Amino acid sequence: LKLLLVEDDIDIREILKSMLEDIGSFDVYCAVNAPEALALLEKEKDWSCVISDFRFEGGGAPVVYKRIIELNYKIPFGLISTYGPESNEVFKNFKKDHPLNFHLPKPFTFTDLKANVEKFINPVASSKPETHVRLSPQLLLRSKPPFAIYIALSDSKFVSILKANEFDAQTIQNYQNKGVQSFYLLNEDFDRWLKQQFLENIQKFESLSDETFFFDAVEQIQVAMVHFGVTPETITMAHHLVEESLKRFDNYSKLNDLIQKLQISSSYVQQHGFLCSYLSVAMARDWDDRFTDEELKRLVMASLFKDIAFVDDPALAAIYRLSDPAFANLTSADKHRVQIHMQDAAHLLESIPEFDAMTKELVLAHHECADGSGFPRGENIITLSDLTILFMLANRFAHDLIIYQGKMNEVTSVVQNYVLDYDGTKYHDVYLRFTKTFHQLKGLV
Ligand SMILES: [Fe+2]
């Protein structure tokens with residue numbers, strides 16, 4: 001990643017440069033005045049970002065910013081200065097020119113700078129192949145994977161703190177005490193480990209007489225997926241997409257609170273979010289080459305965040321239809337909240353660049369039903385895309401699995417009714433995919 005830093009004060013320049021190098025694997029190019037900055041901008045290509053002071057020789061940040069617009073470089077611009085973008089006409093569309101443009105008033109902290117810079121390095125980082133997979137300390141301490149454990153120094157630098165087969169809880173706790181919250185496995189180790197876990201868990205399940213699944217931990221969702229007929233490859237992919245999505249959204253400070261609550265509670269909101277991610281990714285991935293990786297990401301994002309307005313009220317999130325008895329018993333204020341929670345979610349997420357029109361459509365439609373009985377629109381579903389219909393069905397299936405607490409004989413009879421609602425031409429297609437993906441589910445038509 002190539003970054004241009006324009007700052008005339010040598011001390012500040014050096015500090016900023018080392019901070020930036022710490023945040024990401026940047027090649028930091030420095031300029032001390034406007035002519036130097038313009039020369040570099042034109043000579044070198046593929047810039048990822050410009051970070052600039054406001055006042056320096058040759059016209060300051062306005063001159064540099066104007067040139068970036070003229071050159072049509074679609075890169076974020078960070079203004080680090082007491083003066084804000086309102087100080088000059090050239091910045092009049094500052095937020096519109098690039099959604100990740102930011103102004104950081106001096107004095108600023110490393111955390112401030114990091115929060116702003118990570119917003120634009122993460123999409124780039126996630127587009128290159130990930131070498132390591134993040135695990136929470138809780139998961140690590142509970143499952144003690146027999147592989148080398150790493151910590152991250154930056155987005156691309158990892159050091160091993162424990163060797164394979166030498167797991168030691170004390171070492172992990174020591175790092176935690178020093179503030180390290182993320183630990184990593186090599187990608188290939190992680191995949192091996194996940195498969196191993198599947199096998200062990202499945203053996204445990206085989207010994208149970210009745211088939212009942214629980215959904216209060218991701219591992220249990222994964223086991224259920226295997227039983228439904230989903231391949232380990234698809235489950236691993238869904239897992240990666242969920243982790244990536246949560247990691248990416250961690251950076252949006254406005255949502256931090258909500259997302260943290262979402263991750264620590266094992267409420268309906270969380271269970272449904274994870275389940276729906278796995279179910280929708282499994283169906284979409286099974287559909288030949290019908291959907292792109294980007295579309296799979298949208299499914300996961302919509303799954304996780306569709307009920308974010310209800311993080312504190314999981315009981316309201318669990319109301320799937322307006323005809324549910326639980327809805328009739330609500331106060332009129334809560335009824336209203338249920339009816340508009342999808343718009344509330346869209347509103348909360350709208351400032352996030354990844355939350356695009358497609359994701360919004362998925363969120364808005366998550367309580368729609370193939371027979372037109374859903375809300376808020378209840379409209380003729382012929383106008384919806386296959387991806388949206390698939391998402392609606394995944395939502396419904398996730399809901400039924402949780403409501404019937406994974407008791408498969410009860411779920412089976414409910415699932416048999418899906419075909420009735422999906423017996424129109426277009427929905428029938430999606431329903432057929434559903435039966436194909438979850439072919440191990442008993443009682444499917
Ligand atoms: Fe919902």
Leading residue by the ranking (farthest from the ligand (Cβ to nearest atom)) among those in the stretch 310-324 that are open to solvent by 20 Å² or more (accessible area, probe 1.4 Å) and modelled with pLDDT under 90: ASP312
Can LEU348 be described as over 26 Å from ASP288 (Cα atoms), in contact with a helix residue (DSSP H, G or I) (Cβ under 8 Å, 6 or more places away or on another chain) and in contact (Cβ under 8 Å) with a residue 60 or more places away in the chain? yes
Looking at ASP423 and the list (1) among the acidic types (Asp, Glu); (2) in a loop (DSSP other than H, G, I, E, B); (3) in contact with a helix residue (DSSP H, G or I) (Cβ under 6 Å, 6 or more places away or on another chain), which single condition is not satisfied? (3)
Got a sec? Which of GLU21, GLU44, GLU36 is modelled with pLDDT under 85 and either buried (at least 21 other Cβ atoms within 10 Å of the Cβ) or among the acidic types (Asp, Glu) (or both)? GLU21
Within the group GLY406, GLY374, which residue is more than 30 Å from GLU118 (Cα to Cα), open to solvent by less than 30 Å² (accessible area, probe 1.4 Å) and at pLDDT 85 or above? GLY374
Filtered residues of the stretch 314-336 (kept if without any contact (Cβ under 8 Å) to a residue 12 or more places away in the chain and of a type in the set (D, E, K, R)): ASP324, LYS335
Of all residues making up the stretch 337-359, the number that are within 14 Å of the ligand (Cβ to nearest atom) and either open to solvent by 60 Å² or more (accessible area, probe 1.4 Å) or modelled with pLDDT of 90 or more (or both): 10
Options PHE274, PHE291; residue that is under 15 Å from THR234 (Cα atoms), within 16 Å of the ligand (Cβ to nearest atom) and in contact (Cβ under 8 Å) with a residue 40 or more places away in the chain: PHE274
Whichever residue in the stretch 294-309 is within 13 Å of the ligand (Cβ to nearest atom) and closer than 17 Å to THR388 by Cα and, among such residues, is surrounded by the most Cβ atoms within 10 Å (Cβ to Cβ): ALA302
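The values are calculated or read from the model by the stated rules, or taken from the named source; none is laboratory data. Model, not experiment: these values are computed from the prediction. Quick reminder, even Gly has a Cβ in these numbers, built from the backbone with ideal geometry, and neighbours come from all protein chains shown. Note: accessible area is taken over every heavy atom of the protein model, side chains too, but ligands, DNA and RNA are not part of it. Shrake-Rupley method; radii C 1.70, N 1.55, O 1.52, S 1.80 Å.
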